[in-house]
Structure formats: structure tokens, C-alpha cells
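The values are calculated or read from the model by the stated rules, or taken from the named source; none is laboratory data. The shown structure was predicted, so the numbers you read here are calculated from the model rather than taken from an experiment. Cβ atoms come from the backbone with ideal geometry, glycine included; neighbour counts cover every protein chain shown.
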Amino acid sequence: MKKILSVLLLSLIAWACTEDETQINDNDSFDRAAMLTNWADNIIIPGYVNYNSKVDVLAEAKSTFTSNPTVENLSTLRAAWLAAYVSWQKVSMFEIGKAETLGLRGYTNIYPTNATEIEQLASSGTYDLELPSTRDAQGFPALDYLLNGTATTDAEIVARFNTEESLSIYLSDITDRLKNHAALVLDDWQNGYRDTFVSNDGSSATSSVNKLVNDYMFYYEKHLRAGKIGIPAGVFSNTTLSTNVEAFYKQDVSKTLFDAALQASVDFFNGKHFDGNGQGESLKSYLDFLNTITGGEQLSALINNQFDQAKQISSTLDENFYQQVESNNEAMLFTYDELQKNVVLMKVDMFQALNVKVDFVDADGD
Amino acid sequence: MKKSFLYLFFAAFLFTACSDDDENNIPSVEAPTTYTFERDGNSTVSFSGQTTRIEMGHELLGALSVNDTDNASAELLLEMFRNETADGGDANPYSSADLNASTKSIKSKTAASKDFFSANTSEASLIKADFEAWINAQAEDVFVNKDRQAEAGVSGQIADGSSVRYVNAQGLEYNQLVGKSLIGALMADQALNNYLSTAVLDEADNRTLNDNGTVADGKNYTTMEHKWDEAYGYLYGTAANPADPNATIGDDDSFLNKYIGRVESDDDFAGIAANIFNAFKLGRAAIVAGEYELRDAQASIIREEVSEIIAIRAVYYLQAGKAALNPNDMGPAFHDLSEGYGFIYSLRFTRMPGTDASYFTRTEVDGFLEDLMGDGENGLWDVTPETLDQISEAIAAKFNFTVAQAAS
């Protein structure tokens with residue numbers, strides 16, 4: 001009798017101890033190629049096509065404005081800037097292939113932008129926008145400054161562009177650069193890289209799945225969670241840094257940009273088609289295929305629930321993140337906390353389930 | 001059942017009875033919980049000169065960083081290193097008035113320990129010349145060429161993630177060379193080979209004066225107490241609370257303190273910060289109690305642990321650099337390997353306890369650096385993973401840790 005009891009006790013302990021562990025299904029016969037195909041054809045390429053079309057509109061509005069600076073043309077240009085900026089949020093996470101080689105995100109959306117440097121480079125007339133040191137003087141944040149920060153009233157901004165040709169030239173150059181980059185990346189995807197990407201369907205560290213999952217995680221952690229919320233909210237510094245919000249000069253669109261980015265992250269996780277018609281293989285279906293259970297629940301469900309939580313909390317934020325940080329930073333911190341919870345679920349549990357190793361170090365190695 | 005218990009009991013008793021005989025018969029000195037020592041109600045702890053030099057080091061590192069527009073001249077940078085003008089006159093290169101008023105300098109204590117360099121001024125002057133060459137080159141080569149892309153054989157800027165690094169033609173960041181080499185040549189050398197040395201602690205009649213509690217002229221401390229504190233100051237001189245430095249270890253400077261913190265946060269080495277601090281505390285208490293063997297035993301501990309920190313970080317950065325090697329994106333590797341270079345340079349100033357020697361001779365250190373830079377014509381542009389592994393293994397072999405442990 002005693003023996004049976006102790007065996008029972010031991011197995012009870014063993015069961016209790018393993019209940020919360022994420023069970024890994026070693027038999028991974030998941031169709032990675034199908035997932036890569038869904039990513040490439042239904043999410044990434046349509047995303048870049050959309051981004052290109054918006055940037056083309058932006059470039060046109062820019063030409064109209066620089067050839068005839070008026071308040072009306074400035075308004076049109078601003079609208080085009082915002083539309084392109086929103087469409088950028090949907091592709092920023094795909095820093096792979098040509099985007100990786102170009103360092104696309106670095107030249108497209110580094111903020112806070114460096115207004116002093118912009119003014120200096122513009123007035124000097126000579127600059128090399130390829131230099132990494134100019135990344136904080138180009139891209140969408142630099143356009144934000146040029147369109148919204150170069151003077152206090154719209155009339156004065158327009159006046160500057162009317163009188164300072166160098167400023168118009170700079171505006172034109174950085175806009176064209178965005179357009180050129182966008183075209184290069186889309187062209188690469190459509191003329192070769194798509195096939196390379198899809199056929200690299202193994203599970204090594206350099207396989208498409210492993211690389212893109214890491215890119216996604218890096219984007220979520222560093223650019224969405226930290227860049228848009230954590231850093232301005234002072235999570236990584238002694239004080240809040242309200243001037244480090246995205247779209248600091250326009251100010252009242254930070255939330256729009258954040259929402260687009262968060263939704264893009266959710267959609268990618270679920271394999272939702274860019275055009276909204278349907279859903280295909282992605283991380284959610286992969287996790288479900290592996291029957292990944294964490295703490296007794298489907299991991300994919302936990303992650304999606306947590307995304308919903310983040311969306312709910314962030315919906316209470318002001319459109320103007322600068323104001324939000326200044327007046328009630330706590331709301332930013334609540335949002336950060338909800339975003340952070342998914343970092344744990346994804347970076348630890350999901351990565352482990354998919355047998356993917358994290359390939360980036362986020363700590364400051366200095 | 002009962003017999004085996006009795007035997008166990010007996011064996012345990014035997015064990016505890018015997019173990020005491022192996023220890024030296026040192027009367028127990030109790031260290032205070034914090035680094036607090038007083039005489040007549042006033043503190044006897046003082047290390048302002050060390051704090052000053054760490055702060056000078058911070059200003060120098062700041063000025064060595066590349067700005068978009070306003071970069072320091074070679075002359076100004078060298079003045080910050082020397083705290084005097086080129087012809088030996090009074091200089092005021094710092095932004096802090098206190099530092100400008102000071103007569104201390106980084107240069108005068110670089111490669112200047114009693115044990116290693118009092119009879120080796122030729123090597124000392126070569127080392128000081130290395131620092132001045134790096135500082136000069138930062139201004140005359142890197143600052144000047146900051147607005148072009150770096151390539152193999154061409155100095156300039158290069159991306160490292162969202163940061164920008166400024167490298168020489170061989171891919172080295174001079175500011176990292178200066179910063180990480182100072183950890184060895186200034187902080188470690190002064191602490192391990194000067195102020196913890198019996199040649200300094202027991203100089204002249206320090207022992208007798210200390211035994212009698214005779215304080216130095218106009219001060220509240222004995223000379224021996226003060227020398228020990230000066231070693232302490234090179235690790236904790238800018239700590240938020242100098243009496244309890246481990247509360248903020250790693251955050252208090254850009255030099256030795258920072259890297260004690262970094263190594264401490266590696267699970268493989270957790271506890272090292274406490275080991276070092278406790279040895280400092282106990283050694284200082286031993287001085288007050290006149291227990292000089294105990295004092296020197298603590299000095300040995302500090303020498304071993306601080307030397308290990310330098311070696312661990314050298315391997316860490318070599319391995320990080322190896323992981324980052326990417327011919328299309330060398331910036332991250334250059335940054336890691338430049339830090340690695342500085343920590344390798346610092347190996348020269350480590351101290352093997354119980355000896356008069358460093359863990360690696362100057363020749364050995366020079367050999368490592370030549371290997372690091374010698375895989376091709378363009379230094380770090382050509383370095384191979386095999387070379388990085390070879391150097392890492394050679395360093396780790398002299399210590400108790402593995403490359404894998406240091407690299408994590």
C-alpha cells in the first residue's frame with residue numbers, strides 16, 4: 001500500500017510541476033513553404049505595393065508644393081505624408097532581403113529627427129544622404145519637421161519654402177529618396193526575391209521563417225513597444241522623453257501611426273491577407289498545428305487575447321502622444337505593460353514552440 | 001538502522017573537529033557592513049584624487065565622441081589627457097571648473113604603478129605614447145573624415161544598427177581603444193599594482209605609524225589607510241553611495257565600475273561584485289586592526305577578481321564581434337572588437353596574485369593585438385572567426401572560466 005501511495009504522490013508532483021510548461025511537439029511537419037507563400041504573396045508584397053503607391057502620391061504632392069508653395073498645397077502634401085506614413089507602418093517589420101541590405105527602416109523612420117542637422121545640411125547644399133549619420137535627418141520624421149516644424153504658422157512655413165530654395169531642394173531630395181528606396185524593395189520582391197524567400201523553407205537560423213520571425217519580434221519589441229510607447233514614457237530613462245514621440249512636429253497623429261503598427265503586428269501574427277479578404281498560414285496556425293499549450297491554454301489564443309488587451313488600453317490614449325506623456329504618462333505605462341506581456345509570450349513561449357532561436361541582442365553591449 | 005546513524009554522526013563530528021586546524025591562526029577581524037571607517041567620530045575614508053581622474057576620463061571620452069558639427073581639436077583632447085598645455089603650462093580643457101582647478105592628470109597615473117613601472121619607465125612612456133597617438137588620430141583622421149563612408153583601408157563612418165560608428169582605416173574606434181585601455185592602464189594598474197602593493201602600503205614607516213594610529217599631517221587617516229582607500233577609489237570613486245557601492249554597481253562610471261557590474265549580471269559570475277567589495281572592506285578593517293597578513297590576503301583576492309573581469313570582458317567582446325561578423329555590415333563587429341582591443345590591451349596591467357607579474361606579458365598582449373589586426377591588410381576588415389576564437393581560448397586558458405561562460 002505504501003509503495004503505491006508514494007508512486008502516486010511522485011506522479012502527482014510530476015504532473016503538477018509540468019502542467020505550466022509549454023509542451024513542444026517535436027514532430028514538425030508543418031508546411032513552412034505554404035506559410036512563406038502566404039506571407040510573401042498575401043501580406044508582404046501587397047503591403048509594399050500599397051506603400052509604393054502612397055509614396056508615389058507623396059512625391060507628386062511634393063513636386064506640386066515645391067514648384068508652388070501655398071498653404072493649400074502644403075495641406076495636400078501633409079495629407080499625402082500621413083497616408084504614406086501609415087502605409088509604412090504596415091511594412092516596417094519586414095526588414096529582410098533588400099530592405100535588410102539597404103537598412104531601409106534606418107533611412108525611413110528614425111526619430112526623434114535632428115532639426116538642427118536638417119537645417120544645416122539643407123542650407124549647406126551639399127550632403128550625402130547615404131551616410132548613416134544622416135539617418136536622423138531624412139525619412140518621414142524629417143519630412144514631419146519640414147512640413148510642420150520649420151516655422152510656427154502655416155503661412156510662415158510656406159513663406160520659408162518660397163524664399164529658401166535650398167529648403168525645397170532638401171525636401172525634394174529626401175522625398176525622392178523614400179520613393180527610390182520603396183521602389184527598389186518592391187522591385188526586388190517582384191523580380192526574384194519572392195522565390196528565394198519561399199524556397200528557403202528550412203528551419204536553420206538563416207531560413208526565411210527563422211529570419212522573418214526574428215525580424216517580427218525585433219520590430220515588435222524595439223520599434224513598436226519601445227520606440228512608440230516605452231521610450232517617450234520614460235521606461236528606459238530617468239525621466240519621460242515626450243519629445244521622442246513619433247510625428248513630434250505634427251503631434252496629433254502619433255496614435256494613428258501606433259494603431260496602424262499594432263494592427264499590422266496582429267494581422268501578421270494571424271496571417272491575415274493585406275487586402276482584408278481572408279486569412280492564411282502564419283504564426284497562429286503554426287502554433288495551433290503544433291498544439292502549443294501554455295498553462296493549459298492555446299498559446300495562440302493567449303497571444304491574441306493579449307493583443308486585444310493592448311488595443312483596448314491604447315484606445316484610451318490621446319491622439320497626441322506628446323500631450324499624453326506630459327499630462328498623464330500613466331496611461332502610456334499601462335499600454336507599455338500590456339505590450340510587454342506579449343513580448344514574453346512570443347519571445348519565450350512562441351520561439352520555443354517553433355524551435356526558433358532569438359538572433360538579436362537588445363541590450364546595450366557597451 | 002541505528003548503527004549507520006551512529007557512524008554518520010561520528011564521521012560528521014570528526015570532520016568538524018578537524019576542519020579548524022587547516023586555517024591560519026588569524027584572530028578574527030570583523031568588517032563593517034558598509035565601507036565606513038571613522039576615527040574620533042569622523043570618517044577616515046578619502047579618495048578624491050581617484051574621483052577626479054575618473055571624472056576627467058569621462059570628459060575625455062565625451063570629447064572623443066564624434067559630433068555632427070563641433071569636434072574637439074587634437075590639442076584640446078591631449079590637454080584633457082595631460083591636464084597641461086603642450087609646453088607643460090597650466091591648461092583648463094575641461095567643462096568642469098573643479099577639474100580645471102585640479103593639478104591631477106590622467107597621464108601622470110597611466111602606466112605608473114610602483115610594482116610594474118617604477119623601474120620600467122621606458123615601457124611606461126611607450127604606453128602613454130599609445131594613448132596620445134590614439135587621441136591624436138581621433139582628431140586628425142577620424143573627426144576629419146567623419147562625413148564619408150568607411151571602407152577597407154579608408155577611415156569614416158559606418159552604421160551599427162541605429163547607431164553610427166566612426167572608425168579608422170582598420171575598422172578600429174579610437175574612443176573605445178582609449179576608454180577600455182584606460183581601465184587597465186589607469187584604474188587596474190593603480191589599484192592592483194600600486195595601492196594594494198606592499199611596496200606602497202608598507203612604504204617607509206607606514207606600518208609603525210599605522211600600528212600607533214598616527215595620522216598623516218593635517219588628516220584624519222593613517223597613510224596606510226589612505227593608500228588602501230585610493231585603490232578603492234579607482235573602482236568606486238564615483239559611486240552614488242561610496243560606502244555601499246554595490247547598490248548601483250555598473251551604473252557609476254564608464255570604466256572599471258561599469259564592467260564589474262556587467263560581469264556581475266552574467267549568471268556565470270554572479271557574486272563577483274560582492275567578493276571584490278568584501279575583500280576591500282575586510283582588508284581595510286584589517287589595516288585598522290593591524291592585521292597585515294589578512295590585509296594582503298584580501299589584496300590577493302582583489303587582484304584575482306579584477307584581473308578576471310578584464311579577461312572576461314576581453315573574451316566577451318571578441319566573441320560578440322565574431323558573432324557579428326558580416327562582410328556587408330561590419331559596423332557592429334567593429335564596435336565589439338574595438339572594445340575587445342581595449343580590454344586585451346588592459347590585460348598587461350592585470351596581476352597574478354602571489355607573483356610580481358601580470359597574467360600576460362607585454363609581449364603576449366602585443367601578440368594578441370597583432371593576431372587580431374593581422375589577418376589581412378586592413379585589420380578588422382579582414383579578421384577571421386578562427387583568429388577570434390584562438391585569442392579567446394588563449395585568454396580564458398589562464399583563468400578559471402571558459403570562453404562559453406564569458407561570451408554569454
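A few comments on the model shown:
- In segment A:130-160, the residues that are in a loop (DSSP other than H, G, I, E, B) and either more than 14 Å from chain B (Cβ to nearest Cβ) or modelled with pLDDT under 95 (or both): A:GLY149, A:THR150, A:ALA151, A:THR152, A:THR153
- Residue check, B:GLN138 of a type outside the set (D, E, K, R) and free of Cβ contacts under 8 Å to residues at least 60 places away in the same chain: no
- Residues (of a type in the set (Ser, Thr, Tyr) and either under 23 Å from the mean Cα position of the chain (by Cα) or more than 14 Å from every other protein chain (Cβ to nearest Cβ) (or both)) located in segment A:107-116: A:TYR107, A:THR108, A:TYR111, A:THR113
- The residues in segment B:374-407 that are farther than 19 Å from B:ASN326 by Cβ, assigned to a helix (DSSP H, G or I) and hydrophobic (A, V, I, L, M, F, W, C) can be counted, and the count is 8.
- Verdict on A:ASN329 being polar (S, T, N, Q), modelled with pLDDT under 95 and farther than 25 Å from A:VAL209 by Cα: yes
Every residue, every condition in (1) modelled with pLDDT of 95 or more; (2) under 24 Å from A:ALA61 (Cα atoms); (3) assigned to a loop (DSSP other than H, G, I, E, B); (4) within 13 Å of another protein chain (Cβ to nearest Cβ), yes or no:
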{"residue": "A:LEU77", "(1), (2), (3), (4)": "yes, yes, no, no"}
{"residue": "A:ALA80", "(1), (2), (3), (4)": "yes, yes, no, no"}
{"residue": "A:TYR85", "(1), (2), (3), (4)": "yes, yes, no, no"}
{"residue": "A:TRP88", "(1), (2), (3), (4)": "yes, yes, no, no"}
{"residue": "A:MET93", "(1), (2), (3), (4)": "yes, no, yes, no"}
{"residue": "A:ARG105", "(1), (2), (3), (4)": "yes, yes, no, yes"}
{"residue": "A:ILE118", "(1), (2), (3), (4)": "yes, yes, no, yes"}
{"residue": "A:ALA122", "(1), (2), (3), (4)": "yes, yes, no, no"}
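- Failed condition for B:ALA320, given (1) away from every other protein chain (no Cβ under 14 Å); (2) within 24 Å of B:ILE272 (Cβ to Cβ); (3) in contact with a helix residue (DSSP H, G or I) (Cβ under 6 Å, 6 or more places away or on another chain): (1)
- In segment A:118-130, the qualifying residues are those that are surrounded by fewer than 19 Cβ atoms within 10 Å (Cβ to Cβ) and not small (Gly, Ala, Ser), and the one that is farthest from A:ALA233 (Cα to Cα) is A:THR126.
- Residues in segment A:235-265 that are outside any helix (DSSP H, G or I) and of a type in the set (Gly, Ala, Ser) were compared, and the one that is nearest to A:LEU82 (Cα to Cα) is A:ALA247.
- Here A:SER67 does not fit the description of being over 16 Å from the mean Cα position of the chain (by Cα), under 25 Å from B:GLN149 (Cβ atoms) and either free of Cβ contacts under 8 Å to residues at least 12 places away in the same chain or away from chain B (no Cβ under 12 Å) (or both).
- Filtering segment A:328-340 to residues that are touching a residue at least 24 places away in the same chain (Cβ under 8 Å) and either of a type in the set (Gly, Ala, Ser) or under 15 Å from A:TYR219 (Cα atoms) (or both) leaves A:TYR336, A:LEU339, A:GLN340.
- Matching residues, segment B:246-257, being at negative phi and touching a helix residue (DSSP H, G or I) at 6+ places or on another chain (Cβ under 9 Å): B:ASN246, B:THR248, B:ILE249, B:ASP251, B:ASP252, B:ASP253, B:SER254, B:PHE255, B:LEU256, B:ASN257
- Selection of helices (runs of 4 or more DSSP H) fully inside segment B:35-134 by the criterion of at least 3 residues being surrounded by 18 or more Cβ atoms within 10 Å (Cβ to Cβ) returns B:48-64, B:74-82, B:114-117.
- Subset tally (residues that are over 25 Å from B:LEU192 (Cβ atoms) and of a type in the set (S, T, N, Q)) for segment B:211-234: 3
- Only one entry of B:LEU201, B:LEU192, B:LEU182 meets the criterion of being over 19 Å from the mean Cα position of the chain (by Cα), more than 14 Å from chain A (Cβ to nearest Cβ), within 24 Å of B:ILE309 (Cβ to Cβ) and buried (at least 24 other Cβ atoms within 10 Å of the Cβ), and that entry is B:LEU201.
- Test for B:ALA247: is it small (Gly, Ala, Ser) and touching a residue at least 12 places away in the same chain (Cβ under 8 Å): no
- For segment A:161-173, the count of residues that are free of Cβ contacts under 8 Å to residues at least 60 places away in the same chain, away from chain B (no Cβ under 14 Å) and small (Gly, Ala, Ser) is at least one.
- Checking each residue in segment B:270-310 for being of a type in the set (Gly, Ala, Ser) and within 21 Å of the chain's Cα centre (by Cα) picks out B:ALA270, B:GLY271, B:ALA273, B:ALA274, B:ALA279, B:GLY283, B:ALA297, B:ALA299, B:SER300, B:SER307.
- The listed residue being within 14 Å of another protein chain (Cβ to nearest Cβ) and hydroxyl-bearing (Ser, Thr, Tyr), out of B:THR69, B:THR110, B:THR85, B:THR103: B:THR69
- Any hit, segment A:175-194, residues being assigned to a helix (DSSP H, G or I), within 30 Å of A:SER124 (Cβ to Cβ) and β-branched (Val, Ile, Thr): yes
- Residue within segment A:55-64 that is more than 14 Å from chain B (Cβ to nearest Cβ), farther than 30 Å from B:TYR166 by Cβ and in a loop (DSSP other than H, G, I, E, B) present: no
- Residue list for segment A:207-234, filter: in contact (Cβ under 8 Å) with a residue 24 or more places away in the chain, in a loop (DSSP other than H, G, I, E, B) and not small (Gly, Ala, Ser): A:PRO232
- Restricting attention to segment A:339-358, the residues that are farther than 11 Å from A:ALA310 by Cβ and either among the charged types (D, E, K, R) or in contact with a Pro (Cβ under 7 Å, 6 or more places away or on another chain) (or both) total 3.
- The set of residues in segment A:161-186 that are more than 23 Å from A:ASP128 (Cα to Cα) and touching a helix residue (DSSP H, G or I) at 6+ places or on another chain (Cβ under 8 Å) contains only A:LEU186.
- Considered as a group, the residues in segment B:323-357 that are charged (D, E, K, R) and within 12 Å of chain A (Cβ to nearest Cβ) include one that is farthest from B:ASP130 (Cα to Cα), and that residue is B:ASP329.
- The set of residues from segment B:135-161 being under 18 Å from B:HIS335 (Cβ atoms), more than 13 Å from chain A (Cβ to nearest Cβ), aliphatic (A, V, I, L, M) and in a loop (DSSP other than H, G, I, E, B) comprises just one member, B:ALA152.
- Filter result for A:GLU319 (in a loop (DSSP other than H, G, I, E, B), at pLDDT 95 or above and under 18 Å from A:TYR85 (Cα atoms)): yes
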